[in-house]
Amino acid sequence: MVQKTEDFGQDLTTLNLGPTHPATHGIFQNILQMDGEKIVSGVPTIGYIHRAFEKIAERRPFYQITPLTDRMNYCSSPINNMGWHMTVEKLLGIEVPKRAQYMRVIMMELARIADHLICNGILGVDTGAFSGFLYLFEEREKIYEIYEEVCGSRLTTNMGRVGGMERDFSEVAILKLRKWMKEFPAVMKEFQNLFDRNRIFMDRTINVGPISAERALNYGFTGPNLRAAGVDYDVRVMNPYSSYEDFEFEIPVGTNGDTYDRYLIRNEEIWQSYRIIEQALAKLPDGPYHANAPHYYLPPKTEVYRNMEALIYHFKIIMGEIEAPVGEVYHSVEGGNGELGFYLVSDGGRTPYRLHFRRPCYIYYQAYPEMVVGSTLSDAIITLSSMNVIAGELDA
Amino acid sequence: MIQLNTSPAAQQKAADYVKAHAAISNEQLLARLQELFGADTFSDVEEPYGMLTATVSRERIHEIIDVLHGEEQLQLNFLTTMCGMHWPDKVGQELGVVYQLHSLVNNIRLRLKIFFPIQDPVVPTLTDVYATANWMEREAYDFYGIIFTGHPNLIRILNVEDMDYHPMRKEYPLEDGTREDKTDLFFGR
């Protein structure tokens, strides 16, 4: 992969970008061969925070795998949680009530917005514009407050349960959500006004790190990165889960597959997610917020303290005494970065026999050298941040 | 007590769902596959939770995926994921690789599996068909020691390079959390 100096007749510089560099947004290394300011070739090295999630999962009952999924794409952990729970529900054949499905949709779309906010905010920082990041980070903070109200934690949410949600939305959660919904558009519009037609930003991002639709498909791109290249593939539309078919939204599609398109796609997706949340809030059905599946649904803590049955089930579930049926199941959700898939093989035990995560970052990060060869180092930084590679998901 | 849905019903539900959303049914897909590659190529054909799953031989896997990549009718030209697996009890077929293909046009998925003995873990690479197979194969090599012939850079990817074993194999079990002989007085277990 690394080209030899003789090929160019002049000295090349080997530059280690990373493993820990403020501009790489995570712990991964790129060994770049530079001809002056120009990148001639690159070799990405990953695995610095590999925690063997797939192996650990083979020893854990299903609930104890949820915290592992939290720590993959930690910018949008609710999506990972729900994706995992839906996989288990598919295996067990649990029907989730409509209200819980809508609640999940709301939380997943909030998570997607938070994920995209971070990505675009930091893209601004990498082009030298710090203020946009400050605008958006405050919004992310508010979203985290909503998480906190819904499930009690902010980053590693561990939200939801197999069969529904852990608890119903409280009044405060709904209030906070509505307040945020009211305030967010103005901030987002201001951010877009700052960047969308900004001459410097456009010069820095247009035609930077482009990838064609064909190459993107060959590389297994999904999510905003694929859509920026012009392919309208979205798991929410192609294989709707959790009642996504009930909502109206569009799939934004780019043309060039460059950094600017990826930026625009994420902005547009934020608006579409906002639309979905609006609809879901308006149509939020009444009814139970979890399935009646005592064998698998972890009973609420208040029940556990009062009710013998609940205590017994709580104990059985936590100790992993409940066995799953034999089977293999693949379920995928549209994560913040693309199709997040769970391939679960169960041999009838209390833990998965084999669990493979299809992590979108892992799959498309290998295209990075191809996207940056020929560009300058500063372009490489921007390309990396616009791809939204999350180290936790990359290494798992 | 509420009667829980049993697994066959869940499978049926998922299968119905797949049928309702795909442009090509699993039967048509299977028929076309058998037409292209011969009926005896595919064994253990099943549809767990609606996804067509078949086992093929490792000698033919490269050819099949290569043909499917360019095939007009099915358009199975997206490699969703691929991973290794280890079944120590299946003598002569201990190791396996699972490929999942997806047609973005017809919205149909296909899962292909190959199995081979652990003493001879050699599989042809797919990197000449899919660029994305590169790291997936390196991961399978890293975790299971599956050797992909023709791979341009078959080295460990997530683990350290000086490891001399393949950690996802079942002969390296994780410590059992319920063990009592390792009780830690101060930190509990």
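How much of the calculated P(r) for the protein assembly as shown lies past 35 Å, in percent of all Cα pairs?
So the pairs more than 35 Å apart make up 38 percent of the total in the protein assembly as shown.
Taking the Cα centre as origin and putting +1 on Lys and Arg beta-carbons and -1 on Asp and Glu beta-carbons, what dipole magnitude results for the protein assembly as shown, to the nearest 20 debye?
1320
Given +1 on the Cβ of Lys and Arg, -1 on the Cβ of Asp and Glu, and no further charges, what dipole in debye does region A:1-129 carry about its Cα centre, rounded to the nearest 20?
Dipole about the Cα centre, nearest 20: 800 debye.
To the nearest 10 degrees, how steep is helix A:171-195 against the longest Cα principal axis of chain A, on a 0 to 90 scale?
Orientation of helix A:171-195: about 10 degrees from the principal axis.
Using θ = phi - 60° and the Karplus curve 6.51 cos²θ - 1.76 cosθ + 1.60, what whole-Hz ³J(HN,Hα) does each residue of region A:49-63 get, with Gly and Pro shown as x?
Coupling constants for region A:49-63: 10, 5, 10, 6, 4, 5, 6, 4, 4, 6, 10, 10, x, 4, 5 Hz.
For residue B:122 and residue A:74, what is the calculated FRET efficiency with R₀ set at 45 Å and r taken between the beta-carbons, to the nearest 0.05?
So the FRET efficiency works out to roughly 0.75.
What total accessible area, in Å², is buried where chains B and A meet, using a 1.4 Å probe and rounding to the nearest 100?
Interface area, both chains combined: 4800 Å², rounded to the nearest 100.
Apply the a/c threshold of 1.5 to the C-alpha gyration tensor of region A:47-110 and tell me whether it is rounded, prolate or oblate.
It comes out oblate by the Cα gyration axes.
Hey, what number do you get for chain A at 222 nm if only DSSP H runs of n ≥ 4 count, each worth -39500 (n - 2.57), divided across all residues, to the nearest 500?
Calculated from helices alone, the mean residue ellipticity at 222 nm is -15000 deg cm²/dmol.
Please compute the average number of Cβ atoms from other chains found within 10 Å of each residue's Cβ in peptide B:75-88.
The per-residue average across the peptide is 5.
I'd like the distance separating the alpha-carbon centroids of region A:278-324 and region A:50-75, in whole Å.
If we compute the Cα centre of each part, the gap is 21 Å.
Once neighbouring chains are kept in place and the probe is 1.4 Å, which whole percent of the accessible area of region A:124-171 is contributed by carbon and sulfur?
49
What shape does region B:24-149 have by the C-alpha gyration tensor, where a ≥ b ≥ c are the square roots of the eigenvalues, rounded means a/c under 1.5, and otherwise prolate means a/b greater than b/c and oblate the rest?
Prolate, because a/c is 1.5 or more and a/b exceeds b/c.
Just to confirm the number: angle between the C-alpha axis of helix A:131-151 and the first principal axis of chain A, 0 to 90 degrees, nearest 10?
20
Report, in degrees rounded to the nearest 10, the 0 to 90 angle that the Cα long axis of helix A:377-387 makes with the longest principal axis of chain A.
20
Along the charge dipole of chain A, Cβ charges K/R +1 and D/E -1, which of A:150, A:29, A:319 sits furthest on the positive end?
Going by the Cα projections, it comes out as A:319.
Roughly how compact is region A:90-182, stated as its Cα Rg over 2.2 N^0.38 Å to two decimals?
Cα-based Rg divided by the globular estimate yields 1.25.
So, in Å, what gap is there between the alpha-carbon centers of region A:201-234 and region A:96-141?
20
The values are calculated or read from the model by the stated rules, or taken from the named source; none is laboratory data. If you're wondering where the values come from, they're calculated on a predicted model, not measured in any experiment. All Cβ positions, glycine included, derive from the backbone under ideal geometry; neighbour counts span all protein chains shown. Surface accessibility is based on the protein's heavy atoms, side chains included, excluding ligands, DNA and RNA. Shrake-Rupley method; radii C 1.70, N 1.55, O 1.52, S 1.80 Å.
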